[in-house]
Structures are given as structure tokens and as C-alpha cells.
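Report on one structure; see the data block that follows.
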Amino acid sequence: MLRLDVAPALRELGFTGSGLDWRKRNAHADWAIINVQKSAWGDGGSVDAYVNWVCPGFG
């Protein structure tokens, strides 16, 4: 799902990166960072994940 759906959407928004880590820099040299953190307790049939999103200076 990340590689096929999320990654192209993030690239379209100007983010660079791959896998679980993405970043974008604005004109003021601020960074937006997106990180996907997979849970250690997935059961193989599904994956629990958390999205860590830091966007100082964006908005």
C-alpha cells in the first residue's frame, strides 16, 4: 500500500524519500517530515502503523 498508493501521492506533493521516511523543504528552509512506524505486534494478516508527521513552518 505505501509503495503503490502513498509514495506516488507524496511525490506529487513534492516530498522526497522512500520506504517509511519522507521529507519536504519549503522556501524558508523548514522541513516537513513524515515517518511511518510499524507496530511490532502485527499478526501477519494486518499491519498496525503510526504516522509521525512534523511540519514546523508549513501552513
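Any idea what the dipole of the chain comes to, in debye rounded to 20, about its Cα centre with Lys/Arg Cβ at +1 and Asp/Glu Cβ at -1?
Charge dipole, the chain, about its Cα centre: 220 debye, nearest 20.
Considering only Ser46, Leu20, Ala32, whose Cα is most displaced toward the positive end of the charge dipole of the chain, charges sitting on Cβ of Lys, Arg (+1) and Asp, Glu (-1)?
Ala32
Determine the per residue accessible area of the chain with all protein chains present and a 1.4 angstrom probe, expressed in square angstrom.
I get 80 Å² per residue for the chain.
Starting from the Cα of Arg23, step 7 Å along the direction of its Cβ; do the same at Asn52; then give the gap between the two resulting points in nm.
According to this spin-label approximation, the distance is 1.3 nm.
In deg cm²/dmol, rounded to 500, what helix-only [θ] at 222 nm does the chain give when every DSSP H run of at least 4 residues adds -39500 (n - 2.57) and the total is split over its residues?
-2500 deg cm²/dmol
Give me log10 I(q)/I(0) at q = 0.20, 0.28 Å⁻¹ for the chain, Debye formula, one equal scatterer per alpha-carbon, no solvent.
-0.78, -1.18
Remind me, relative contact order of the chain in percent, using alpha carbon pairs under 8 angstrom and six or more residues apart?
Answer for the chain is 25 percent.
The values are calculated or read from the model by the stated rules, or taken from the named source; none is laboratory data. Only a predicted model underlies this, so the values are computations on that prediction, with no experimental measurement involved. Note that each Cβ is placed from the backbone with ideal geometry, even for glycine, and that neighbours are counted across all protein chains shown. The accessibility values were calculated without ligands, DNA or RNA, using every heavy atom of the protein model including side chains. Shrake-Rupley method; radii C 1.70, N 1.55, O 1.52, S 1.80 Å.
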